[in-house]
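Written below as structure tokens is the structure these notes are about.
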Amino acid sequence: MAKYICKRLFMAVLTVFVVATLTFFLMNAVPGGPYEAEKSISPQAKAALEAKFGLDKPLFTQYVTYLKNILHGDFGPSLKQRGRNVIDIILTKFPVSAKIGIISVMVSLLVGVPVGCIAAVNRGKVSDSAIIVIATVGIAVPSFVVCSLSMYFFGVKLRWLPTVGLTTWKHYIMPVFSLSFYPTTYIVRLMRSSMLDVLGQDYMRTAKAKGVSRAVSLFKHALRNAVLPVVTYLGPMMAYTLTGSFIIEKVFTIPGLGGEFVSSITNRDYMMIMGTTIFLATLMVAINFLVDIVYKFIDPRINLK
Amino acid sequence: MYKNPLSFQLKAEDFLPATDEEKQSLIVMRDSVSFWRDSLRRLVKNKVAMVSLFVIVVIMFFSFVVPSFYPYSYEQQQKGAENLRPMTYSQAEQERIANGEKVTPHFLGTDKLGRDYAVRIMVGSRISMTVGLVAAVIILVIGALYGSIAAFFGGWVDIIMMRIVDIIYTIPDVLLIVLISIALKGPLADLSSKAAMGWVGIVGPNLISIFIVFALLYWVGMARIVRSQVLVLRESEYVTAARALGAGNGRIIRKHLLTNCIGTLIVTTTLQIPSSIFTESYLSFLGLGVAAPLPSLGSLASTAINGMNTYPYLLIAPAVLISLIILSFNLFGDGLRDAFDPKLKK
Amino acid sequence: MSEHLVDIRNLRLSFFTPAGEVKALNDVTLHLDEGEVLGIVGESGSGKSVTSYSIMGLTADPGKIVGGTVTFNGHHIESLGEKELRKIRGKEVSIIFQDPMTSLNPVYTIGSQIEESILLHTDKTREEAKERATELLRLVGINEPEKRIRQYPHELSGGMRQRVMIAIALACEPKLLIADEPTTALDVTIQAQILELINELKEKLRMAVILITHDLGIVSSMCDRIAVMYAGRIVECGTTDDIFYRPQHEYTRGLLRSVPNIQDRESKRLIAIEGTPVDLLNPPAGCPFAPRCPSCMKICLREMPPDHHYSEVHTAACWLHEKAEYEQRGGEGD
């Protein structure tokens, strides 16, 4: 177990390192380099930047300096928002995104898992067919379609829900709906097929032969096994939620990190882009790492390997 | 004493031995069909897959063929024809109609620059289709080569190659795609200004950077699948059996590995198309996709959001179309999977 | 007539699949007394498992009883609801499945899987159930039961898991144990141990056993009576001696010819039964074995042979017997 954790931890750190390296060199490939703002910044600020990142030194030395800085949590100053450091912007904006993200993940799980189970248990019946059709169609709809269409119908046309900002609970409905739409349909399908697989397993027959009631065999014997694939999907789902937040926050003008990232792309705030990329990548890698460890605890079969 | 109630009906000839033909007539043998014919038959019988295929073909016709003879082009701005409602005409056009000319209606109206929206949608879906198909081919070639090389050499080569795949797999792809497309934008634009590289400008630097991104990142899934397939097949007993019967490497690869892999390859490649389309529309929506004036379904939807209060059809049309394209490819891919590779069926 | 522990009469059971009705059981009549060991022999798909599962009311989803009765221990199984059936399953009748690798739930400890059965059918507390589970593991010959009880199925070998399955089956001391090819998935050396264990436990707990197998070697050493099944019918049924020394049905004879015999050095080859089993979607009008039968007659293809009782317990359904009788009578119908 300890060996496995160490191995996974090493891979995680390596991945973050690769991402940081790629980010640095890709941004340096941009004509003028990452420290070049479109509208020139003040000469003092420029001088400070040059001193800090050693811009007169060779690229590799700059790279080492950059890595050292981010190890201390220093991503440098924002090129667009005068006087603010990238890390400060990230830390103020991220909680907003995290809140929506966590709610969306919860909603996806709380809806997806039971609905998938219901479909599997009622295999071939009308309810199952209806769920499959909805999930199959749902999985094909990109998040920007969900959020722009729901904004049009519920926000503009019917005027049921507010479309801008994030002040009351009503503001959360559409962003959370848009963000959890795809993961929910995905989980429904995943859960259904995994439940069907489990229901056909020999140990379910054993349970039945023991005289276990249908409800107990479903909740105790089937669910625990069937939910395992959903746990492995947690990592990709978090990643999807993070990247999905770029779109949702742009469309609903939510003051989160995703929206900030998108505007830093349009503004060419390269320092902000670099910082956010490395921050989000580290976050995703960390989540994946945690999910892997959790999975090992849930599924006893992998313990010995 | 037990008595047979049937015995009075029995005749001596009943107890004559039955001939082989009589015995054979009772055995119902099912036809054995070849892999391809069997798979194709199952595919054709799958109504959902066939409808999806039909939808794909229709969309392809409209996006690749129709724009070439359509009276409007996607970049042609018509003065005085800005923000037309569907099926309405501009002042100038109305005059032309009054003069007895035939004017093609704007089926979906025009955008705020006076460009016919129907043709923009068609060209936009052409971008999506192209991205999907080209990306699938790139992924197939790189992934299949990489995976089979890793599986073929095995040992250290395999371990190192697969570690690289693991790392690429854990890198959050969208973030990297964003970075790469930002980074490549400049160099590719420079490239397109050079004489011999004019095609870069035509295809568009962003489209090329999207392809490069797919080529760099998206093949890992394919590589893993191909590798595991080859490994399983290499170890499988019928390959050992074929080898024991004296079949050469060429024959084993042709007859056994390829026929068994091909189903998985076709299915994985087809299912890759919608996910590439998905990513492209995502990037375009964020403004990182194809460059204006070239439209993409993602960028069309993104632009339409601001005016959706007044011109909702500008938003709904690309939004519905992109979903329809992805849905059709998904369903067709599922149908292929059921037909060609029942093992993969969930 | 005395009351049998199991009494199956004219049971007909079909699977309703999208391709049509698969007649899995056709007119199966079978009985079993307390403490008796019955072997059911036949190839895959002959209906051995379906017959025995019907005693527990376990008919898989598309499967449905279309006729006949199943009586077990006084219960009319075919008319019982799910709730009543649950009280019988695991308590009065238990089952061991073929593949111990997949028959245990991978995410629960073996202890909890044994205890589940005990808690379900008795008033025992958790503590007592745990004690009983340990005791059961010891009974089925597992060392260090206190340690094993906390382990997961994947940590145990195939033979061990089958012992655990037996422990689960015996948890409530059932009257009948159904062993569905309990050794097929195991190594040969382990097979003998498991059979020996079942034999021993049967004596100790005085329960009846139905042993389903396609291995005649196994049934000869363990069973009192044997039923031979083919294409959803019992083609021959009798004591072990009847079947081995006085087989009446060509299929039984074929099966016996295909068993390797170490004493018999004369015959150098095993004789396989030619052909493949019939398609149960469209069963033939006559004897289902006719197309593969070496002495098939014209009537065999047309009509189903009637059951003939050679003795109180020995029955077989084959036209060859009718032919012999017919010839005895001098070729005239009566």
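The values are calculated or read from the model by the stated rules, or taken from the named source; none is laboratory data. These numbers come from a predicted model, not from an experiment. For neighbour counting, all protein chains shown are included, and Cβ atoms are generated from backbone atoms with ideal geometry for every residue, glycine included.
Tallying residues that are under 23 Å from the mean Cα position of the chain (by Cα), buried (at least 20 other Cβ atoms within 10 Å of the Cβ) and among the aliphatic types (A, V, I, L, M) within region C:295-316 yields 1. Looking across region A:63-94, the residues that are aliphatic (A, V, I, L, M), in contact (Cβ under 8 Å) with a residue 40 or more places away in the chain and over 21 Å from A:Ile254 (Cα atoms) come down to A:Leu67, A:Ile70, A:Leu79. Against the criterion of being more than 14 Å from every other protein chain (Cβ to nearest Cβ), modelled with pLDDT under 90 and either crowded, with 21+ Cβ neighbours inside 10 Å or more than 26 Å from the chain's Cα centre (by Cα) (or both), A:Arg123 does not qualify.
The lone criterion from (1) assigned to a helix (DSSP H, G or I); (2) in contact (Cβ under 8 Å) with a residue 40 or more places away in the chain; (3) buried (at least 19 other Cβ atoms within 10 Å of the Cβ) left unmet by A:Thr232 is number (3).
Can you name the residue in region C:58-79 that is at pLDDT 85 or above and in a loop (DSSP other than H, G, I, E, B) and, of all such residues, is farthest from C:Pro174 (Cα to Cα)? This residue is C:Gly74. Going by the structure shown, is B:Pro318 assigned to a helix (DSSP H, G or I), at negative phi and touching a residue at least 60 places away in the same chain (Cβ under 8 Å)? Judged against the criteria, B:Pro318 is a match.
None of A:Thr282, A:Thr277 is among the polar types (S, T, N, Q), within 13 Å of chain B (Cβ to nearest Cβ) and touching a Leu at 6+ places or on another chain (Cβ under 9 Å) except A:Thr277.
Scanning region C:216-227 for residues that are surrounded by fewer than 16 Cβ atoms within 10 Å (Cβ to Cβ) and closer than 26 Å to C:Leu156 by Cα yields a total of 0. If you go through region A:158-183 one residue at a time, how many are in contact with a helix residue (DSSP H, G or I) (Cβ under 7 Å, 6 or more places away or on another chain) and of a type outside the set (A, V, I, L, M, F, W, C)? Counting residues in region A:158-183 that are in contact with a helix residue (DSSP H, G or I) (Cβ under 7 Å, 6 or more places away or on another chain) and of a type outside the set (A, V, I, L, M, F, W, C) gives 9.
Annotation note: of C:Glu3, C:Glu84, the sole residue that is over 17 Å from C:Ala231 (Cβ atoms), more than 9 Å from every other protein chain (Cβ to nearest Cβ), in a loop (DSSP other than H, G, I, E, B) and not polar (S, T, N, Q) is C:Glu3. The set of residues from region C:100-131 being closer than 15 Å to A:Ala207 by Cβ and either out of contact with any helix residue (DSSP H, G or I) (no Cβ under 9 Å at 6 or more places or on another chain) or among the acidic types (Asp, Glu) (or both) comprises C:Glu115, C:Glu116. If I ask for residues that are touching a residue at least 24 places away in the same chain (Cβ under 8 Å), within 11 Å of chain A (Cβ to nearest Cβ) and crowded, with 20+ Cβ neighbours inside 10 Å, which ones from region B:321-332 would you list? B:Leu321, B:Ile322, B:Ile325, B:Ile326, B:Ser328, B:Phe329, B:Asn330, B:Leu331 - these are the residues of region B:321-332 that are touching a residue at least 24 places away in the same chain (Cβ under 8 Å), within 11 Å of chain A (Cβ to nearest Cβ) and crowded, with 20+ Cβ neighbours inside 10 Å.
Residues of region C:204-215 that are in contact with a Ser or Thr (Cβ under 8 Å, 6 or more places away or on another chain) and either closer than 17 Å to C:Gly35 by Cα or buried (at least 23 other Cβ atoms within 10 Å of the Cβ) (or both): C:Ile210, C:Ile212, C:Thr213. Considering each residue of region C:285-308 in turn, at least one proves to be at pLDDT 80 or above and touching a His at 6+ places or on another chain (Cβ under 7 Å). Tallying residues that are part of a loop (DSSP other than H, G, I, E, B) and at the interface with chain C (Cβ under 7 Å from one of its Cβ atoms) within region A:200-222 yields 4. Counting only residues that are more than 24 Å from A:Ala20 (Cβ to Cβ) and hydroxyl-bearing (Ser, Thr, Tyr), which one in region A:33-60 is modelled with the highest pLDDT? The qualifying residue modelled with the highest pLDDT is A:Ser42.
B:Asn309 meets all of the listed conditions (1) facing chain A (nearest Cβ under 9 Å); (2) modelled with pLDDT under 85; (3) crowded, with 24+ Cβ neighbours inside 10 Å but one, namely (3). Checking region B:257-270 against the condition returns no match, with no residue being modelled with pLDDT of 85 or more and within 11 Å of chain A (Cβ to nearest Cβ).
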